Each structure stands twice: as C-alpha cells, then as structure tokens.
Ligand SMILES: [Zn+2]
C-alpha cells in the first residue's frame, strides 16, 4: 500500500492514510485506459476511522487558484527573488503566490483545518445539532396493531436502555402519528395534539410545535439519564390507532429537533402515509415534492433522518420516503420483526461525525472523473472540483469515485489524488480535512493485475448495481455477473469477492420472483435492497 506521508515524517511520527483511501488497482494506475479495460479504476474513501486523528490548524487552508487543490506539504513552497514565495500546484502546475505569513510551520492535512462559526445563529433553539440525540417519530396507526407495535416498542425500549449506558447525556423526544399527531412528555402526558385540516399545512404545524411551551422549555432537558425510565413506561403503553399522518409527524419532529438541538430523527413506520401533508395514497406528485422539500429542510438544519420500515404485505412507498435519508445522509431499513433489533442497533451504533458534509475530488488534468457513488442510491455525474453534498457524515459511509486516464499518461511517473472533506462539527465549527495519495503509473498489465483489490472492485460493482437496479433489474444483475466473471479470470484467488457478488445475485433473483408474483411489497424490497447495496452492507 502506498501511503502519503505528511510533514510529520521529519519529526518521526508518520501518519498513514491507507485506512482512509484505497484504490481498485492498489498503489498503481494504468498508463492508458485500455490496459485494464474490464476493470473499473476506482478510489474509495471510508470514514470508519475518520476520527482517530486529532489536532488541527486554525484558519483556512492554502488553495490552488486554478484547480482548488489544497496545499498539503510546506516543502512544495519555494522562494524566488522575482516571484516571491510561491508553490507549484502538483495537480495542475499553476504557480500560486502566497503570503509567507499565511504559511503554517507544518501541515497535517488529515487532522485538518478548523474555522470557528461566525456569531449568527438560526432562529430555533441553540441552532447546533448534537449528533447522537434522538427524536423518534413513531407510527401508531391501525396497521401497526398487534405484534408489530409490540416489536417496535421493545426495540425502542432496548435502544433507550443502550443509550442510557453509552450516551446518557443524549436527549430523547417522541412524536407519534396516526390520524392525529401527538407529542408526549416522558411521563406520557400528551403535550401537543394536532389533527384535522392543520395537518395539511406545513407552516401551521411548525408554528404549533415551535410555540408549544413544553417543546420550548422542557424538551431540551429530557436527557436519557434523567428520563429514560419514564420513557420506557410510556412507550410500553402505546397503542395502535386509525390512519397515518406520517408527513406532519416529520414536520413536527424537525421542529422538535431544532428546538432541542438534537441531530437525529428516527422514523418508524409500517404503512403508507395517508393523512395530512405528504399523503401518498393515490398517485400524487405532491408527495415526492413534499419529501424532497422536508429532506432538504432537515439537511439544511444539520439533522439526519433514518427510517425503519416494518415489512408486511402492504406498501410503504419507500421509494418516495427514501428521499429523506438520501438527502440527509441517513439510513433506511426494511425489516421484519425478527430483524428490528438489529436495524435499531445499527442506527444507534453508527455515530455521526459531522453535518452538512461536502466532498470534493482533485486529480490532475490527465485524469477524468466519471461517476461518484455511495452518496445515496442516486447516480451522480461528476466533474473535478464539484462539491458533492453528503448531508450527515456517519462512520458507516464510504464514497467511491470512478476515473480514467483521458489519454496515455506520459509526463508523470506518479499521479496524485486528493479528496477534500468539509463538515460542521458539534460546536458548529467548519472543519476541513484532506486525504491524499499518489499512484505509480504502470504500463505492465501483469503488474497491474497483481495489485488489484478484488474486494473493493466487487463492493464498487454492487454499489453501482444498486443505482441501476431501481430502473433496470436485469442490467443490474448483468453488471454483477460480468464482474464475477472478470474477477474469476483477473483475480482467481479472491474468493470472498466472488461470493459477495454471488450472494447479491441470489437475493436479486428472490426479489425479482416476488415482483413477478405481483407482491405489493416488492417495490419496497427493491428500494431497501438498493439502499443496503449502496452502503455495501452485506446481507
Ligand atoms: Zn492546481
């Protein structure tokens, strides 16, 4: 593994980046596209150990005026009698003049830069979303009756118990929805109940929740440490009632989150939204518009929304609801009762590193970036220097990008790749981090094949197939089957990668069989599966 070594090397502590960025071709890059024509050239950034390095540079990084690359090594800085102090950009060759007093003594790009917030704050609450506090929006409509609601209650209670041990200072709030929307206190008192026409009016719901005195004054004191036991009792008493005002509940949960400064909304449902704003019964383009709007509003407030959909025979319209986790960087599970606890556990265990995260990729001119995946189930066309919005950045995420040499690479022995990640931390500071590596240009096919990372290639293929499967199951299957064959030839020893592709292909067959049988829930299954595949979470 090629590692990028920062300035610290001279002081004896080497920081290795190999945990954070990997390539399908290991530490190499083919000199031309045709050398490895069946194998995608992919870089993958993962965030599981993102927080391990601490320390930062105060102020803004020094940036190439042409391509936007961040200066990561003070050794690149030179002084010239005519030009003054400058650096040659390693990506585009531009000569950038710098003011010597802006230069830090050394740069640890991985620890990054920290820019404190300006003093302006949003209208609501403290305006800072604390990562792992939670507002639960719980479906208690008629279809949840019996074992489903019992299952959800038990899972929610276990989550509260787990939080009580590991995150006792986290806040918890609860909004339930059926034909009415209700906000409860830990003791089970109904502090707000909304029903009827108001549920079709976003502004009116927001106003009611904002002005509610309990939400305003009490919610921010509801730490799990002090209220966990009472919540458990209250949740235990919940019962299922008539129809499903899911949209209004999300509106209310966002305001509760803003007011209390919690960063996470967990939406639990088994049924189709059919009451109030965001109703999805009947063909309605309004629904899609509403969930896009509220998804963006959540994201702009730095709130992550996760969905646990409870599998039954009916449809949840997950395809539309999924817009919210997609936009905010949340997760989506479609679980039967036996899998509920695992889904809750994965959400509770997946810590939020930062909010409003954006990622930017910088490569030299000779390299063309094509697609980016892992930012949800959408497919993104990408140009060098574009910002990709990720919403909340959680540890379980990974972002992949595909690239290729535009023409034969002649003038470089090494190709640098830089990933810039910007996000807001819990104290509203803007943080900037850089992950950078250099790939060695190779013209030898055998040498390139030897350094292939088959697991990464299989994972990327699954991620890409997830984007395609929403519209074309057959093509999605072909992509995985073709790659299985390619890997069998190019990397015959990599059995795990082939098995991974096999498992996904088998499950795709099962879902397609349900579709052919006309099962109402098959669309939800497709949505949930593509979400899981896009996160490369194995079955
Ligand atoms: Zn540049």
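The numbers here are math on the coordinates, done by the rules we state, and not lab data. Note that the structure is predicted; figures quoted are calculated from it, not measured. Using ideal geometry, Cβ is built from the backbone for each residue, glycine included, and neighbour counts are taken over all protein chains shown.
Estimated from the Cβ-Cβ distance and a Förster radius of 35 angstrom, the FRET efficiency linking residue 154 and residue 118 is about 0.20. Between the Cα long axis of helix 522-534 and the first principal axis of the chain there is an angle of about 40°, rounded to the nearest 10. Annotation: for a label point projected 7 angstrom from Cα along Cα→Cβ of residue 503, residues of the range 522-536 with backbone N closer than 20 Å are 525-536. Label the range 355-483 by shape, choosing from rounded, prolate and oblate, from the square roots a ≥ b ≥ c of the eigenvalues of the Cα gyration tensor; if a/c is under 1.5 it is rounded, and otherwise prolate applies when a/b is larger than b/c, oblate when it is not. Judged from the Cα gyration tensor, the range 355-483 comes out oblate (a/c at least 1.5, b/c at or above a/b).
Please report the antiparallel percentage of the DSSP beta bridges confined to the chain, to the nearest 5. Taking every DSSP beta bridge within the chain, about 70 percent pair in antiparallel fashion.
DSSP beta bridges confined to the range 136-231 are antiparallel in about 70 percent of cases.
For the range 140-197, a/c is not less than 1.5, where a ≥ b ≥ c are the root eigenvalues of the C-alpha gyration tensor, and a/b does not top b/c. That puts it in the oblate class.
Straightening the chain between residue 493 and residue 197 buys 100.2 nm, computed as 0.36 nm per residue apart minus the Cα-Cα spacing. Each Cα pair under 8 Å and six or more residues apart adds its separation to the average, and for the chain the resulting relative contact order is 19 percent. Taking all Cα pairs closer than 8 Å and separated by 6 or more residues, the relative contact order of the range 133-350 comes to 24 percent. Only beta bridges with both residues in the range 133-350 are counted; by DSSP, about 30 percent of them are antiparallel. Exposure proxy for 23, 177: other Cβ atoms within 10 Å of each Cβ, ordered fewest to most, give 23, 177.
Across all directions, the average projected area of the convex hull around the alpha carbons of the chain is 26.4 nm². Pairs of Cα atoms nearer than 8 Å and 6+ residues apart set the relative contact order; for the range 454-534 it is 41 percent.
Annotation: the residues 350, 118, 102, sorted from fewest to most other C-beta atoms within 10 Å of their own C-beta, follow the order 118, 102, 350.
Using 7 Å Cα-to-Cβ label points, what is the residue 510/residue 38 separation (nm, one decimal)? According to this spin-label approximation, the distance is 2.9 nm.
For the range 454-534, what class follows from the C-alpha gyration tensor (a ≥ b ≥ c being the square roots of its eigenvalues): rounded when a/c is under 1.5, otherwise prolate if a/b is larger than b/c, else oblate? Prolate, because a/c is 1.5 or more and a/b exceeds b/c. The ellipsoid that matches the Cα gyration tensor of the range 126-270 has semi-axes, each √(5λ) in whole angstrom, of 21, 20, 12, with the longest given first. Roughly how tilted is helix 224-236, in degrees to the nearest 10 and between 0 and 90, from the longest Cα axis of the chain? Helix 224-236 sits at roughly 50 degrees to that axis.
Rounded to the nearest 10 degrees, the inclination of helix 473-490 to the longest alpha-carbon principal axis of the chain is 40 degrees. When both the range 63-84 and the range 209-263 are represented by their alpha-carbon centers, they are found 52 Å apart.
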